[in-house]
Amino acid sequence: MQIENFKIFADLVETKSFSKAAKLNGITQSAVSQQARSMERNFKTLMVDRSQKQFNLTREGQRIYEAAKEILHGYEKLESDLQEMKKVISGTIRISTIYSIGLHELPPYIKKFLHDYPSVNVRVEYRRSNLVYEDILHNSVDFGLVAFPQKVRQIEMLPFRNDRLILIAHPNHPLAKAAEVEMKALSSHKFIGFDPDIPTRKAVDQIFRDFKLEITPVMEFDNIETVKRAVEIDHGVAIVPQATVLQEVRQGTLVTIAFKGREFTRPLAILHRKGRVLTPAMKKFIEILGVEPAETVAKI
């Protein structure tokens with residue numbers, strides 16, 4: 001029995017999918033099935049209940065999964081300890097992030113990290129917010145970055161920073177010359193929003209409800225870049241994180257307007273699986289982001 005067997009089985013249990021476990025380990029779906037049957041022969045017990053359509057473990061399978069997690073955690077801890085003893089900062093860090101953070105918040109940090117630790121590879125995947133959580137739960141990535149983080153029992157959440165939410169408009173828009181705008185003034189202008197399931201959209205909808213405004217977007221998009229392009233061609237105004245429009249403001253294709261008497265922010269957070277062993281490279285990456293790992297905070 002090798003460590004890879006336990007990892008494949010653990011991935012299978014956590015994803016509840018032979019195809020997803022195969023993708024995580026770079027093998028075929030058939031190979032995952034063969035590995036599971038090989039473990040069953042080795043332990044002389046059924047681990048997966050194949051009598052049901054949904055993926056379910058037997059009682060013995062659940063115990064083997066729990067033991068597999070303990071073995072994998074010990075192995076990862078050993079690898080991490082050895083790297084720290086050798087003062088080795090290397091490996092690959094996999095990140096899943098929403099577009100606005102990945103394109104506008106993360107690049108300066110990654111640039112500094114790669115400059116300081118050139119032996120580390122950083123892979124970034126751009127995903128919708130709900131898929132970032134899924135990636136973390138399935139151990140597909142090491143870290144996730146999201147806005148308006150939601151508490152999930154198996155996920156550790158580290159506060160990252162707060163974005164200021166501002167109104168953006170085309171330079172020729174009637175609101176463009178104003179230094180500040182009353183929130184109620186938006187009801188008389190076309191509004192461009194994010195898709196309803198995007199956390200920032202939910203936060204903006206809540207702001208509108210707080211001000212008793214009934215505003216229905218004339219357009220809805222799933223990412224910040226498309227929202228900005230729609231505003232740039234004067235199809236309406238939008239509420240977006242200020243950090244995402246710095247380049248357009250410098251170029252003069254968009255203007256930003258503050259809200260009179262109020263300031264709204266968008267909290268960002270770094271996510272990782274609870275109990276995950278952080279390698280030296282992962283710890284250094286969190287340090288670059290200016291955040292203390294949860295295990296460090298717990299000791300203070």
For Arg262: the one exception among (1) over 19 Å from Phe160 (Cα atoms); (2) touching a Gly at 6+ places or on another chain (Cβ under 9 Å); (3) modelled with pLDDT under 95:
(2)
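Hey, could you check region 80-106 for residues that are exposed (fewer than 12 other Cβ atoms within 10 Å of the Cβ) and out of contact with any strand residue (DSSP E or B) (no Cβ under 6 Å at 6 or more places or on another chain) and say which is nearest to Gln247 (Cα to Cα)? So that I can check it myself, show each step before the final result.
Within region 80-106, the first condition is being exposed (fewer than 12 other Cβ atoms within 10 Å of the Cβ), and the residues that meet it are 82, 85-87, 92.
Next, from what is left, pick out any that are out of contact with any strand residue (DSSP E or B) (no Cβ under 6 Å at 6 or more places or on another chain): 82, 85-87.
Numbers: Leu82: 44, Met85: 43, Lys86: 42, Lys87: 39 Å.
Across region 80-106, the extreme among qualifying residues is Lys87.
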Picking from Ala258, Ala269, which residue would you name as being in contact (Cβ under 8 Å) with a residue 40 or more places away in the chain, over 17 Å from the mean Cα position of the chain (by Cα) and more than 19 Å from Asp205 (Cβ to Cβ)?
Ala258
Considering only residues that are in contact with a strand residue (DSSP E or B) (Cβ under 6 Å, 6 or more places away or on another chain), outside any loop (DSSP other than H, G, I, E, B) and farther than 19 Å from Asn130 by Cα, which ones fall in region 208-230?
Met219, Val227, Ala230
Selection status of Arg128, within 20 Å of Leu106 (Cα to Cα) and surrounded by fewer than 19 Cβ atoms within 10 Å (Cβ to Cβ):
yes
I'd like to verify a number: residues in region 143-157 that are under 19 Å from Ser100 (Cα atoms), touching a residue at least 60 places away in the same chain (Cβ under 8 Å) and not small (Gly, Ala, Ser), how many?
6
Ala10 vs (1) more than 16 Å from Val277 (Cα to Cα); (2) outside the structural domain of Lys274 (by TED's automatic domain parsing); (3) of a type outside the set (Val, Ile, Thr); (4) buried (at least 17 other Cβ atoms within 10 Å of the Cβ): all pass except (1)
Residue selected from region 159-186 under the condition under 16 Å from Ile98 (Cβ atoms) and touching a helix residue (DSSP H, G or I) at 6+ places or on another chain (Cβ under 8 Å), by the criterion surrounded by the most Cβ atoms within 10 Å (Cβ to Cβ)
Asp163
Is there a residue being loosely packed, with under 15 Cβ neighbours inside 10 Å, without any contact (Cβ under 8 Å) to a residue 40 or more places away in the chain and within 14 Å of Ala238 (Cα to Cα) anywhere in region 187-194?
yes
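Among the listed residues Ala179, Ala185, Ala169, identify the single one that is of a type in the set (Gly, Ala, Ser) and at pLDDT 95 or above. It would help to see each step written out before you state the result.
Values: Ala179 fails: at pLDDT 95 or above; Ala185 fails: at pLDDT 95 or above.
Answer to the check: Ala169.
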The condition of being closer than 29 Å to Ile288 by Cα and surrounded by 14 or more Cβ atoms within 10 Å (Cβ to Cβ) holds, among Glu248, Glu220, only for Glu248
Taking only pairs six or more apart or across chains, which ones have beta-carbon atoms under 8 Å, a first residue in region 229-240 that is under 17 Å from Ile207 (Cβ atoms) and modelled with pLDDT of 95 or more, and a second residue that is charged (D, E, K, R) and assigned to a helix (DSSP H, G or I)?
Ala238/Lys228; Val240/Lys228
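Take Ile101 and decide whether it is touching a residue at least 24 places away in the same chain (Cβ under 8 Å) and under 30 Å from Arg161 (Cα atoms). Step through it out loud before you land on a result.
Working: touching a residue at least 24 places away in the same chain (Cβ under 8 Å): yes; under 30 Å from Arg161 (Cα atoms): yes.
Taking the combined requirement at face value, the residue satisfies it.
What number of residues in region 96-118 are farther than 23 Å from Thr226 by Cβ and assigned to a helix (DSSP H, G or I)? Can you show your working first?
Applying the first criterion (farther than 23 Å from Thr226 by Cβ) to region 96-118 yields 108-118.
From what is left, the residues that are assigned to a helix (DSSP H, G or I) are 108-116.
Total satisfying the criteria: 9.
The rows are residues; the columns are (1) of a type outside the set (D, E, K, R); (2) under 15 Å from Pro171 (Cβ atoms).
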position: Ile192; (1), (2): yes, no
position: Pro199; (1), (2): yes, no
position: Glu214; (1), (2): no, no
position: Ala243; (1), (2): yes, no
position: Ile257; (1), (2): yes, yes
position: Lys260; (1), (2): no, no
position: Thr265; (1), (2): yes, no
position: Gly275; (1), (2): yes, no
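The values are calculated or read from the model by the stated rules, or taken from the named source; none is laboratory data. Just so you know, these numbers come straight off a predicted model, no measurement behind them. So basically every Cβ, Gly included, is an ideal-geometry build from the backbone, and we count neighbours across all protein chains shown.
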